[in-house]
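Written below as structure tokens is the structure these notes are about.
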Amino acid sequence: MPVTRMNHAVLYVRDAARTAAFYRDVLDFRVVFEMAGGRAIFLQAPASTNDHDLGLFTVGEGAAASDAGRTTVGLYHIAWEVDTLDELERVQSRLVEHGALVGATDHGTTKALYAHDPDGLEFEVSWLVPAALLTPGMQARMAPLDIAAEKARFGGATRGGVGISSPA
């Protein structure tokens, strides 16, 4: 099965309208379809060609927080790529403004921001070093992310790699 990309993710959330507003206001997603009086909302990312990238289903305010990774199995996070470090920096500002940013990590070939949505579900927004700019020794790591330093190194408008950056 030669998978070429992820098409969409579906999340159970306490309030689909509230969560949709978060993704709209913070990441510029747009609502493409609603069902059941707004209890199911489908969103598309701004540059996406998918019919939707995120489906949200309301389960109610009484739903417990996810224990995935603590006491139960489950999804840790979903990740979206942005094209440039300028865009990653813009997203970082929006996440900070909305109190959602929980981490920023330099993984060597990937520069990543981590955030929580209104239900505490984690997601990642990342920029990938283009394969042509990879250097020997640029391996997976966990270091604090300094976007300004990365922009000085790679350029703010340099388009990132698609998928996993690796030499051809």
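The values are calculated or read from the model by the stated rules, or taken from the named source; none is laboratory data. Please read all numbers here as calculations on a predicted model, not as lab measurements. FYI the Cβ positions are ideal-geometry reconstructions off the backbone, even for glycines, and counts take in every protein chain you see.
Can you list residue pairs whose Cβ atoms sit under 6 Å apart, with the first residue in the stretch 140-162 being in the same structural domain as Thr109 (by TED's automatic domain parsing) and crowded, with 18+ Cβ neighbours inside 10 Å and the second being of a type in the set (S, T, N, Q) and not in a loop (DSSP other than H, G, I, E, B)? Count only pairs 6 or more apart in sequence or on different chains.
From residues that are in the same structural domain as Thr109 (by TED's automatic domain parsing) and crowded, with 18+ Cβ neighbours inside 10 Å, the pairs are Leu145/Thr105.
Could we say that Arg94 is basic (Lys, Arg) and either within 30 Å of Leu133 (Cβ to Cβ) or assigned to a loop (DSSP other than H, G, I, E, B) (or both) here? Spell out the reasoning first.
Numbers: basic (Lys, Arg): yes; either within 30 Å of Leu133 (Cβ to Cβ) or assigned to a loop (DSSP other than H, G, I, E, B) (or both): yes.
The answer is yes for Arg94.
When Gly74 is evaluated against the numbered criteria (1) out of contact with any Phe, Trp or Tyr (no Cβ under 6 Å at 6 or more places or on another chain); (2) modelled with pLDDT of 95 or more, which criterion, by number, is the only one it fails?
Failing condition for Gly74: (2).
Is it the case, given these coordinates, that Arg70 is outside any helix (DSSP H, G or I) and farther than 23 Å from Ala16 by Cβ?
Numbers: outside any helix (DSSP H, G or I): yes; farther than 23 Å from Ala16 by Cβ: yes.
In short, yes.
If I go through the stretch 98-128 residue by residue, how many of them are part of a strand (DSSP E or B) and of a type in the set (D, E, K, R)? Full working, then the answer.
Keep residues of the stretch 98-128 that are part of a strand (DSSP E or B), which gives 101-106, 110-116, 122-128.
Next, from what is left, pick out any that are of a type in the set (D, E, K, R): 106, 111, 122, 124.
Looking only at that region, the number is 4.
Between a first residue in the stretch 91-102 that is small (Gly, Ala, Ser) and a second residue that is surrounded by 15 or more Cβ atoms within 10 Å (Cβ to Cβ), which pairs have beta carbons less than 6 Å apart while being 6 or more apart in sequence or on different chains?
Ala100/Ala115; Ala100/His116
In the stretch 1-58, which residue that is among the β-branched types (Val, Ile, Thr) and surrounded by 14 or more Cβ atoms within 10 Å (Cβ to Cβ) is nearest to the chain's Cα centre (by Cα)? Break it down into steps so the answer makes sense when it comes.
Of the residues in the stretch 1-58, the ones among the β-branched types (Val, Ile, Thr) are 3-4, 10, 13, 19, 26, 31-32, 41, 49, 58.
Now narrow it down to the ones that are surrounded by 14 or more Cβ atoms within 10 Å (Cβ to Cβ): 13, 19, 26, 31-32, 41, 58.
Values: Val13: 17, Thr19: 14, Val26: 11, Val31: 17, Val32: 19, Ile41: 18, Thr58: 21 Å.
Taking the candidates together, the pick is Val26.
Say we look at the stretch 117-137 and pick out the residues that are within 12 Å of the chain's Cα centre (by Cα) and either of a type in the set (A, V, I, L, M, F, W, C) or surrounded by fewer than 17 Cβ atoms within 10 Å (Cβ to Cβ) (or both); which of these is nearest to His77 (Cα to Cα)?
Step one: filter the stretch 117-137 for residues within 12 Å of the chain's Cα centre (by Cα), giving 117, 121-127.
Right, trim to either of a type in the set (A, V, I, L, M, F, W, C) or surrounded by fewer than 17 Cβ atoms within 10 Å (Cβ to Cβ) (or both) and you get 121, 123, 125, 127.
Values: Leu121: 7, Phe123: 5, Val125: 10, Trp127: 16 Å.
Applying the filter and picking the extreme gives Phe123.
Residue check: is Gly103 assigned by TED's automatic domain parsing to the domain that holds Ala149 and surrounded by fewer than 17 Cβ atoms within 10 Å (Cβ to Cβ)? Outline the logic, then answer.
On the way: assigned by TED's automatic domain parsing to the domain that holds Ala149: yes; surrounded by fewer than 17 Cβ atoms within 10 Å (Cβ to Cβ): yes.
Taking the combined requirement at face value, the residue satisfies it.
I need the strands (runs of 3 or more DSSP E) fully contained in the stretch 1-48, keeping only those with at least 3 residues that are touching a residue at least 40 places away in the same chain (Cβ under 8 Å), touching a Phe, Trp or Tyr at 6+ places or on another chain (Cβ under 9 Å) and not basic (Lys, Arg).
So the answer is 9-13.
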